[in-house]
Each structure stands twice: as C-alpha cells, then as structure tokens.
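The values are calculated or read from the model by the stated rules, or taken from the named source; none is laboratory data. A quick note: this is a predicted structure, and the numbers were derived from the prediction, not measured. Please note: Cβ atoms are built from the backbone with ideal geometry, for glycine as well, and neighbour counts cover all protein chains shown.
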C-alpha cells in the first residue's frame, strides 16, 4: 500500500502474525497493514514466518499464494490443518447359537395350532455336536497415526480386544480366533463362559417343569419321571425316583434306582443294559441285558440276557424274551398266571442283520462301478489316448471314493459276520429257575414250545435235537 508518505512518521512494513491452536492441529495467519508507505509481505516472507513458527505440516500452499494476491486485515486465515489419528476398531465376538433373553428363557409353553397349550415340548435344552463352531472373534485394529501441524506424530488408540468365552469341553482353533465344542452335549452360556456338559441334570422331576427331554449326552433325573412325558438321551439315563406311564429312551444304558409302574403304556428302550428295581405293566426293549428284582405283567424283549435273581427274583405274567439267557428264582405264580418265556432271535438283531446285508450289497455295487471307471481311464492312458481334462481330474475323486468304499465294506462285513453269528447261536440259549416254575408258564426256545403243567424246581432248560430238555439246576 503505497499512499502518501509522511516524512514525520515512521515507516512500518506489513506484518504476518502466525497463531497455533492449543492442540497444535490448526494454524492461522493474520496480517497487520503497512503504515506510511511500508512494504507488503511477499510469498517468501509469508512462508518464512510460518516456518519460524515451526509449522511444517498440513500447509495449504494454494491459499498462501492467494493471500499474497488478496487478503483482508484483522482476519484470520487457516493455513495449516493437522491430520488426526484414526483410532483402531474394537474386536468383535460372533456367536453361532441362539441366545435367549431373560424373558425368552422363562418357562413358556407353546401354543398349538388348535389353541391348546403344549406343556411337554418346551425346548429348554440347547445341544451341540462335537466339533461344532460356537463362537468367533475378529482381532482389534491398530488404527492409523496422525500428525499435528508441527510435524509430530499423533498415536492412535488401539481397538479393544474381545475375549472368547471359553469354558469346559471346548477348544480353540490354531489361530485362537474360533471356539469349537470338543464333545456332544448341553450348551450353557452366561456371557462369560461357554460350557458343554455331557450330562443334563434335572434336580427335581422330569415332567411339567422340564417338558420332554431330548439330549445328545447323558441324562440324570434326581426326582421322578411324571406320567405322559418322554426322557430321551444319546447316552445313559439315570432316574433316582420312580417312573410312571412315561417313556425312557437311551442310546446306551438305563438305570432306575427304583422301578417303573407303566400301567401298560410305560416304556423303557435302550441300546445298552437296563437295571431297575422292578418292572411292572411296562414295555421293555433293549439290545443289551436286563437286571431287575421282579418283572410283572410286562412285555420284555432283550438282545442278550434277563437276570432276575435278587430278592424276589420273580417273573410273572406277560412275555419275557431274550436271545441267550433268562434266569430267575420264580417264574409264574401259584394262580397259574399265563407267563411267556422265550429264547429266540431278537427283532432288533434281525433288523440290524437285514440292514447290514443290504448295505453290503449296495456298497459292493458302488465299488464295482468305481473300479470299472478307474480301469477305463487307466486303459485309455496306457494306450496313449488323450482324455478330457475333466475326466482326468475326476480320477483323483474316484480313487478317494474307492478307498472309502473299501473301508466301509470291511467294517460292514465285520458287523454282518458278528450279527450272523449271534443269530445262529440262539439255539445255545438257556432258561433257568433257581426256585420254582409254576404251571401256566409257556416256554418257547426257537421253534420248540413247552407248556408247563406241573411245578418245575431247580431246573435248567436248553435245546437238544430241536427239543427242550430240562436238567437239574443247583
């Protein structure tokens, strides 16, 4: 600004004032006008003023050039802006099972389509399979550093990590980011730990309070099993109270500390052994053996043996069937109660035999076709013929399938041979009574039948030349 120059006044050049914010993220300049013909600031002088203030980063060079051309006085121009740090993102946790809220987890029976209420199927147990994916975390990020206008680094806040809720019977992946179940069982989650239990414990009765129980592991009922309800387990079932007109199904053993009064509808079904204080008016099927003090008016089918030798040791009424041995103190009653005792092939055993036989035929046909396909490819290659790429790639899959089928056939053959031997040995079965067998008892061993018309004491019965022979038993 030239203007008129007063020789009596001091010449004052234009000034640049640089100000820096307290957080060192913003720099501004303002100008004081020249006086009495003083010089205006050049671009170099402006830049030098900024450098003298130690501002080195985030400078708007275009704005500086424009300010030299045109500017206002007593006005602050933002000429430098710091780059803030970007904080890291927190890690995340993803769960791969249903989480029930407090309200949802309250016992709430379902309403059927007809408007009635289902108190039995309450779905209170959450089960998982072995190696099932339960939870996964994503790691936190580090974030990005920033820089203030003085050129100093601004460090970001790192994201907060999430922790996998690791409890009992779970395991981590190699990268420790994923959680899996190490067993089949009941999943419990309390927002801090995921735990898998092999045994589902009912502290009271299994019934209205629990609904039907269907669990992959073991089930322990400390109370009774109420009439009309079902307890099903992939493993063992133990009931410390009484069982009424209920159904108990076990993939392994059943233990009733007391007994079952089934009123002709109660059922015990197991793939292992059954031990019960008594069996009354019930239906019992097991692939293993049955051990009890008394069987009364029940339908019993056992894959191995029925042992009724403790305390009363009584079998009376109904039908008791086994493959190998039926042993009791007393069979029948002085009232000539009709009591059927059978040594014969178990229905379950026969069904498994038929299934194994069908599986062998099916798998052998599959293997035969795979062998033909592999031979065809080998023959073509041996002749030097070119085959489509897809056909060549399929040979690896066919070889894997061939190996798998051979292994499956071997295992199925072993099972078939075992079942075949078991079915052919039913004639070696024995019925024995260590006290008395009453008239009214009907003995069936294979295709041979005998009606007991007189009391039989201390006897063992077995098959000789397709006839039931009785020997003394002491």
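Yes or no: residue 220 in contact with a strand residue (DSSP E or B) (Cβ under 8 Å, 6 or more places away or on another chain) and either at pLDDT 95 or above or under 24 Å from residue 312 (Cα atoms) (or both)? Here the answer is no, as residue 220 does not meet what is asked. I'd like to know if segment 276-288 contains one or more residues that are assigned to a strand (DSSP E or B), touching a strand residue (DSSP E or B) at 6+ places or on another chain (Cβ under 9 Å) and in contact (Cβ under 8 Å) with a residue 40 or more places away in the chain. Yes - at least one qualifying residue is present in segment 276-288. Of the residues making up segment 16-34, none is part of a loop (DSSP other than H, G, I, E, B), farther than 29 Å from residue 154 by Cβ and modelled with pLDDT under 90. Just name the residue that is nearest to the chain's Cα centre (by Cα) out of those in segment 222-242 that are surrounded by fewer than 18 Cβ atoms within 10 Å (Cβ to Cβ) and in a strand (DSSP E or B). The qualifying residue nearest to the chain's Cα centre (by Cα) is 232. Within segment 275-330, restricting attention to residues that are touching a helix residue (DSSP H, G or I) at 6+ places or on another chain (Cβ under 7 Å) and surrounded by 24 or more Cβ atoms within 10 Å (Cβ to Cβ), the residue that is farthest from residue 429 (Cα to Cα) is 303. Restricting attention to segment 165-221, the residues that are loosely packed, with under 15 Cβ neighbours inside 10 Å and either outside any loop (DSSP other than H, G, I, E, B) or within 12 Å of the chain's Cα centre (by Cα) (or both) total 5. Within segment 157-175, the set of residues being in contact with a strand residue (DSSP E or B) (Cβ under 9 Å, 6 or more places away or on another chain) and more than 30 Å from residue 146 (Cβ to Cβ) comprises 164, 165, 166, 167, 168, 169, 170, 171, 172, 173.
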